[in-house]
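The values are calculated or read from the model by the stated rules, or taken from the named source; none is laboratory data. Since we're looking at a predicted model, the values are computed, not measured. With ideal geometry, Cβ positions are generated from the backbone for all residues, glycine too; neighbour counts draw on all protein chains shown. For the accessible areas, the whole protein counts, side chains as well, though only heavy atoms, and no ligand, DNA or RNA atoms are used. Shrake-Rupley method; radii C 1.70, N 1.55, O 1.52, S 1.80 Å.
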Amino acid sequence: MSETALILAAGMGTRMKSRLAKVLHPVLGWPMVRHAVAACQGAGLSVRVVVNHQEDAVRAALADCGVAFTRQPEPRGTGHAVLSALADLPAEGTLLVLPGDAPLLRTETLLALRAAHRGQAVTCLSVVLADGAEYGRIVRDDGPLRIVEAAELSPPRRAALREVNTGVYAFDLAFLHAAVPTLRPHPPKGEVYLTDLLELAWAEGRAAVVVHDGDPAEVMGVNDRWALSQAEAALGLRLKQRWALAGVSFQDPAGTRVEVEVSLAPDVTIGPGCVLGRGTVLEEGVVVGPHCVLSDCRVGAGAEILAHSVVDGATVAAGAHVGPFARLRPGARLEEGARVGNFVEVKAAVLERGAKVNHLSYVGDARVGAGANVGAGTITCNYDGVRKHRTDIGAGAFIGSNTALVAPVSVGDGAIVGAGSVVVQDVPADALALARGQQVNKPGMARRIRARNEELAGKRG
Ligand code: UD1
Ligand code: CA
C-alpha cells in the first residue's frame, strides 16, 4: 500500500483579501492546491486533502486528480486540520503533511524529506532565509527544539532567528494519533498549531529538523497577492528553463508566460511578450511571433503564428500560417498549408489544405475547401439571432472581397462569387454568382454636379 500525504487546504486565506479561497488562486494555470497534489502524486503518495472554506469549489478543482477529502468542521488552525483527518488516516506508518499554499514544492524535495525521516516521530523541513518574515521560527538555541510563530516573538528575536518552518513535515502516524488530540489552542485566536508537535516529539527524543538546501523559493508559502505573483514568476522561470534546455528558444524569457501542461518540441521559437497557456502543444520548429496568446491548442511542425495572434482551442497543421493579428477560436482547424491573415477571426471552422483567408474576415461554423481563396472582408453570417447555421465553401472556390455568405449556404467546388455579393442561395459548382446591385455609369454627370456645387457656393459667398 502506498504512503499517504495530507494536504491542508481548509483555511480562508484572509491575507489574500479575496472572495476566492487562497488555495484556489491560479498559479500558472492550476489552482494553487493542485500543484501540491501533483508534487505528492509524483512521489507515489496517495493524497488526502483537508477542506472547509469553499469546500465544494476545492473538491471540484481536484475532481479529476484522484484524491480523497476530509472535511475540517471549521478552520481552527493547522493542528485542528490534522485532528479532523485522524480518523481517515492509517494507524501506523509514515504521513507527509503539506500546506496547500506551497505551489513550488517539488517531488524530489518530498522524497528527500521522506528519506531523512527514518525513525523520528516528527521530521520538519526548514529553510534559512535572510528575512524570515511571517514564517514560524525554528528555535534551537534555548530550551527544547520547537517552532514559535513569528507573531509570538519580539521583533529582535524574530530578526535573529533565520531558520524557518516550511510547513512540510513527515510524521510517524502512531505518534500523530497519540499526540494531536493533546494539542491545546493558542490565544488570542484559539487556533491549534500543528507546529507544537515538534516540541512534543523532542521530549521523546524523536524530533528532527532538516534544512532545505535548494532554492528557498521552492518552499515559500503563499499568503498574499504579492507572494502569489512571486510564486508565479519563480515557477514560470523553472518551466521556461526546463523548455529552453529541451531545445526551445525564448527571445525574451522574462516577458514570456508559460503555464503548466504545455508541451514544446525542440527548435520552437517564442517571440517576446507571449503567453503559452495551459494545453498549448507546439511541434518541432514552430515559430510564434511577438505578443501572441495561445492556449489549449496544437500547432504542427514548422507552422508560423505571427505577431499579436490569439489562438484558443484550435488546431493548426504543419506548415500553416496564422497572423499577424489573427484570432483562432475554439473549433478552428487549419489543415496543412492553410493561411489565415490579419484581422481574421475563425471559429468552429475547418480550412482545408492550402485554403486562404488573408484579410479582415469572419469565418464561423464553416468549411473552406482545399485551395479556396476567401477575399478580404468576407463574412459568414452564421447567426440569425436565434440559431447558428453552416457555410460550406467548396475546393478551389474564389470568394470575392466583401462578400456576405448568409448561412445556411453553400458555394460549390470551383465556383466564383463576385466581390460585394450578398449570397443567400447555394452556388453550384463552377458557377459565377453575382449578388449585388447593377452598376450604372452616367457620362459627364460628375462634371455637371461639380459645376452646380460651385455655382451654389458662389451665390452664398
Ligand atoms: C504555517 C505554520 C508556520 C510556517 C508556515 C509555512 C502553523 C501554526 N504555522 O503558518 O510555522 O512557517 O505555515 O508556510 O502551522 N489550514 C487548514 N485549516 C486551518 C488553518 C489552515 O487547512 O484551520 C491550511 C491552509 O489552508 C493553508 C495551510 O493550512 O494551506 C497553512 O495555513 P496558513 O494559515 O497559511 O499558515 P501560516 O500562517 O502560513
Ligand atoms: Ca501559509
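What the table shows:
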{"read-out": "Solvent exposure ordering (accessible area, 1.4 Å, most first) of Ser309, Ser401", "value": "Ser401, Ser309"}
{"read-out": "Straight-distance crosslink candidates among lysines, where the alpha carbon sits under 19 Å from Lys347 and sequence neighbours closer than 8 are dropped", "value": "Lys356, Lys388"}
{"read-out": "Gyration tensor (alpha-carbon) shape descriptor, segment 3-219, a/c threshold 1.5", "value": "rounded"}
{"read-out": "Of all DSSP beta bridges in the chain, antiparallel share, percent nearest 5", "value": "20"}
{"read-out": "log10 of Debye I(q)/I(0), alpha-carbon scatterers only, for the chain at 0.06, 0.07 Å⁻¹", "value": "-0.43, -0.54"}
{"read-out": "Only Lys, Arg (+1) and Asp, Glu (-1) charged, at Cβ; the chain dipole about Cα centre in debye", "value": "2080"}
{"read-out": "Segment 25-88-segment 331-375 distance, computed between alpha-carbon centres (Å)", "value": "44"}
{"read-out": "Per DSSP, loop trypsin sites (Lys or Arg not before Pro) in segment 1-54 with at most 15 further Cβ within 10 Å", "value": "Lys17, Arg19"}
{"read-out": "Built amide H within the under 5 Å cut-off of Gly136, gap 5+", "value": "Ala150, Asn165"}
{"read-out": "Gain in span if fully extended, Gln251 to Val128, counting 0.36 nm per residue against the direct Cα distance", "value": "40.9 nm"}
{"read-out": "By accessible area with a 1.4 Å probe, ligands and nucleic acids excluded, highest first: order of Asp224, Asp131", "value": "Asp131, Asp224"}
{"read-out": "Long-range HN-HN contacts of Val310 with modeled amide H, under 5 Å", "value": "Val293, Ala326, Arg327, Leu328"}
{"read-out": "Net charge, Arg118 excluded, C-beta distance under 13 Å - Lys, Arg +1, Asp, Glu -1", "value": "+1"}
{"read-out": "Cβ-derived FRET efficiency at R0 56 Å, Ala301 paired with Arg184, nearest 0.05", "value": "0.35"}
{"read-out": "Cα long-axis angle, helix 445-460 against the chain (0 to 90 degrees, to the nearest 10)", "value": "80"}
{"read-out": "Accessible area per residue in Å² at 1.4 Å probe, computed on segment 246-396", "value": "39"}
